[in-house]
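The values are calculated or read from the model by the stated rules, or taken from the named source; none is laboratory data. Please read all numbers here as calculations on a predicted model, not as lab measurements. Here the Cβ positions follow ideal geometry from the backbone for every residue, glycine too, while neighbour counts run over all protein chains shown. The area values use the complete protein model at the heavy-atom level, side chains included, leaving out ligands, DNA and RNA. Shrake-Rupley method; radii C 1.70, N 1.55, O 1.52, S 1.80 Å.
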Amino acid sequence: QVQLVESGGGLVQPGGSLRLSCVASGFTFSTYTMSWHRQAPGKERELVASIVTYGGSTNYADSVKGRFTISRDNAKNTVYLQMNSLKPEDTAVYYCNARRLATMHWGQGTQVTVSS
């Protein structure tokens, strides 16, 4: 059974930091491109960051470049999103995604709220 379980979300003040984790099971994690997406109320889901199978290449949305860092540990079947200098506009539900060719898996999401 494929599972992606996100954790690490919460309430943080502007300028603060959070680290999201996504633990995968039920598939060969190291062969999948992993990514984080987010969806704010009333908006479409958008790609935040992605990392290829062995971590050699990453990609970021312009809105998070220089503030967020995606990484993965294939030995732990885990992908991370380090989020620094958080802004109120980063408030959203953050979803973990695993993709390989035509196969895609989603996690259930974790809420991140940036507010004073």
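Summary of values
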item: The stretch 1-113 - convex hull of alpha carbons, volume per residue in Å³; result: 97 Å³
item: Surface share of carbon and sulfur [accessible, 1.4 angstrom probe, percent] for the chain; result: 47 percent
item: Estimated distance in nm for a label pair at Arg67 and Ser115, the labels positioned 7 Å out from Cα along Cα-to-Cβ; result: 1.8 nm
item: Most to least accessible of Asp73, Asp62, Asp90 (protein chains only, probe 1.4 Å); result: Asp62, Asp73, Asp90
item: Accessible area expressed per residue, the chain, with surrounding protein chains retained (probe 1.4 Å, Å²); result: 52 Å²
